[in-house]
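S.K.: Provided herewith is a single structure, encoded as structure tokens, for subsequent inquiry.
The values are calculated or read from the model by the stated rules, or taken from the named source; none is laboratory data. Just so it is clear, the model here is predicted, and its values are computed rather than measured. As a convention, Cβ positions derive from the backbone with ideal geometry for all residues, glycine included, and neighbour counts pool all protein chains shown. The area values use the complete protein model at the heavy-atom level, side chains included, leaving out ligands, DNA and RNA. Shrake-Rupley method; radii C 1.70, N 1.55, O 1.52, S 1.80 Å.
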Amino acid sequence: MEMMLNRMILDTERVPAADRFGLWLDMLADSPAPLRVRTEHADDFVARADTIDLGRMRLVRYRYPSLDCVRSRKLIQRSDPDYYVLALTLTGTGTADQAGQRSECRPGDFTFYDCSRPHEVSHHGEHHGLAHPSSIVAFIPYDALPLPHRRLAALFAGRMPGNEGIGALLADYLIRITGHPEQYHAADAERLAGIGLDLVSMMLGRHLVSEDAVPTEVRRQALLAQVRSHIRQHLGDATLSPQSIADAHHISVRSLHRLFEAEETTVAAYIRDQRLERCRRDLADPALRDRPIQLIAGRWGFRDKAHFSRAFRAAHEETPQAYRVRHLEQARIVNSPASVINSQRTY
């Protein structure tokens, strides 16, 4: 049985109201960057922290009442400060203040700071602070980023948009992993961390004076992630091709093929495999049992029925119809006992 990602959830609603703020402070005390917290909601601090450990990077999805935080020199001396923090504001308005720079972040914005230096952060909800703000925070060890520490100082407490370019790709990555960590296995952690760190490095590099600070391999991985995301978003387009993909990313087709050389696949094979994966998922879905196979294939870019059948059989050693029948029968057997149990009347 595959093990899921290492995950820990703290939900203060599970304890009495009087103990909630104390539980939250205990959690912060054990984090890589402890903070002193001020809030008007200490008497009933309803909050949640969903922590996902990816090894080289720790992600935390937070939801909490409005608060103000300070990381003082005294707190820095008590902890291991060799971490960066990258924070994505999901809801509410956040502010960050470090090394003389101050920024205000609205939903979709990133900010970045150094845990070894004093800083202040605040996060307040909408509707006069009544709504709970939320964020995603990445704790990143210094040595996990290939960018020079002295150059990154220019970005501390700065605002970076997460709705365009590399920022949007990174925001989507953080939201997807922290929103559905159950979809990933423990064996995926190292690779997921690598993808995330490459995207972080690329985004930070774009906001430095010169992109030369970003190593070539980091740029390659970030561009590869963009290309893969583009392909997944356009699988249903039968005209998707190396040429259209290269055009969308302002590179040559030759450069696109070189991008995939180290991935042990080709652009065409990646497109085909992604399309087959979506078809396989739909064929095994009981909710789609009445949808013709040709429509499922067409939905994911296979316009020729015979070509789809050949590709599917080559990949799975059975026809699409046989695959569908086998998986729907397995689902029926598994769900039958549950239907009998759930049909009994409860009191």
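S.K.: Could you say which residue among I136, I140 is among the aliphatic types (A, V, I, L, M) and in contact with a Phe, Trp or Tyr (Cβ under 6 Å, 6 or more places away or on another chain)? I'd like the intermediate steps shown before the answer.
M.R.: Details: I136 fails: in contact with a Phe, Trp or Tyr (Cβ under 6 Å, 6 or more places away or on another chain).
Checking each option against the conditions leaves just I140.
S.K.: Using beta carbons and a limit of 7 Å, which pairs, at least six apart or on different chains, have the first residue in the stretch 197-210 and over 10 Å from L152 (Cα atoms) and the second one of a type in the set (F, W, Y) and modelled with pLDDT of 90 or more?
M.R.: Partner pairs satisfying both residue conditions: L199/Y173.
S.K.: Name every residue in the stretch 29-44 that is in contact with a strand residue (DSSP E or B) (Cβ under 7 Å, 6 or more places away or on another chain) and open to solvent by less than 90 Å² (accessible area, probe 1.4 Å), in order of residue number. Talk me through it step by step, then tell me what you get.
M.R.: Of the stretch 29-44, the ones in contact with a strand residue (DSSP E or B) (Cβ under 7 Å, 6 or more places away or on another chain) are 32-33, 35-39.
P32, A33, L35, V37, T39, listed by residue number.
S.K.: Taking E104 and the conditions (1) under 26 Å from T12 (Cα atoms); (2) more than 20 Å from the chain's Cα centre (by Cα), which numbered condition does it fall short on, given that it satisfies the others?
M.R.: It is condition (1) that E104 fails.
S.K.: Go through the stretch 107-134 and give me each residue that's more than 25 Å from the chain's Cα centre (by Cα), touching a residue at least 40 places away in the same chain (Cβ under 8 Å), open to solvent by 70 Å² or more (accessible area, probe 1.4 Å) and within 23 Å of E40 (Cβ to Cβ). Spell out the reasoning first.
M.R.: Just the residues of the stretch 107-134 that are more than 25 Å from the chain's Cα centre (by Cα), to begin with: 116-120, 127-130.
Narrowing the set further to residues that are touching a residue at least 40 places away in the same chain (Cβ under 8 Å) leaves 116-120, 129.
From what is left, the residues that are open to solvent by 70 Å² or more (accessible area, probe 1.4 Å) are 117, 120.
Matches in the stretch 107-134: E120 only.
S.K.: Give just the number: which of (1) under 13 Å from the mean Cα position of the chain (by Cα); (2) in contact (Cβ under 8 Å) with a residue 40 or more places away in the chain; (3) surrounded by fewer than 16 Cβ atoms within 10 Å (Cβ to Cβ) does R232 not satisfy?
M.R.: Among (1) under 13 Å from the mean Cα position of the chain (by Cα); (2) in contact (Cβ under 8 Å) with a residue 40 or more places away in the chain; (3) surrounded by fewer than 16 Cβ atoms within 10 Å (Cβ to Cβ), R232 violates only (1).
S.K.: Okay, next question. With the requirement that a residue be open to solvent by 20 Å² or more (accessible area, probe 1.4 Å) and among the aliphatic types (A, V, I, L, M), what does the stretch 145-161 give you?
M.R.: Within the stretch 145-161, the subset open to solvent by 20 Å² or more (accessible area, probe 1.4 Å) is 146, 148-151, 153-154, 159, 161.
Answer for the stretch 145-161, where residues must be open to solvent by 20 Å² or more (accessible area, probe 1.4 Å) and among the aliphatic types (A, V, I, L, M): A153, A154.
S.K.: If you don't mind, another one. Look through L240, L288, L283, L259 and report the one residue that is in contact with a helix residue (DSSP H, G or I) (Cβ under 9 Å, 6 or more places away or on another chain) and over 30 Å from L328 (Cβ atoms). First the steps, then the outcome.
M.R.: Working: L240 fails: over 30 Å from L328 (Cβ atoms); L288 fails: over 30 Å from L328 (Cβ atoms); L283 fails: over 30 Å from L328 (Cβ atoms).
After ruling out the rest, the residue left standing is L259.
S.K.: State all residues of the stretch 271-285 that are open to solvent by less than 30 Å² (accessible area, probe 1.4 Å) and either touching a Phe, Trp or Tyr at 6+ places or on another chain (Cβ under 6 Å) or within 18 Å of S229 (Cα to Cα) (or both); if no residue qualifies, say none.
M.R.: Matches in the stretch 271-285: I271, R275, L276, C279, L283.
S.K.: Just need a number here: residues in the stretch 102-134 that are under 20 Å from L174 (Cα atoms) and among the small types (G, A, S).
M.R.: Residues that pass the stated criteria total 2.
S.K.: Given the condition touching a strand residue (DSSP E or B) at 6+ places or on another chain (Cβ under 9 Å), closer than 18 Å to H123 by Cα and open to solvent by less than 60 Å² (accessible area, probe 1.4 Å), answer yes or no: does some residue in the stretch 1-20 qualify? Write out each step before concluding.
M.R.: Applying the first criterion (touching a strand residue (DSSP E or B) at 6+ places or on another chain (Cβ under 9 Å)) to the stretch 1-20 yields 2-13.
After this cut, where a residue has to be closer than 18 Å to H123 by Cα as well, the list is none.
No, that holds for no residue.
S.K.: State the number of residues belonging to the stretch 65-92 that are more than 22 Å from I166 (Cβ to Cβ), within 21 Å of the chain's Cα centre (by Cα) and open to solvent by 20 Å² or more (accessible area, probe 1.4 Å).
M.R.: Let us first name the residues in the stretch 65-92 that are more than 22 Å from I166 (Cβ to Cβ), namely 65-82, 91-92.
Okay, now just the ones that are also within 21 Å of the chain's Cα centre (by Cα), so 91-92.
Next, from what is left, pick out any that are open to solvent by 20 Å² or more (accessible area, probe 1.4 Å): 91.
Count: 1.
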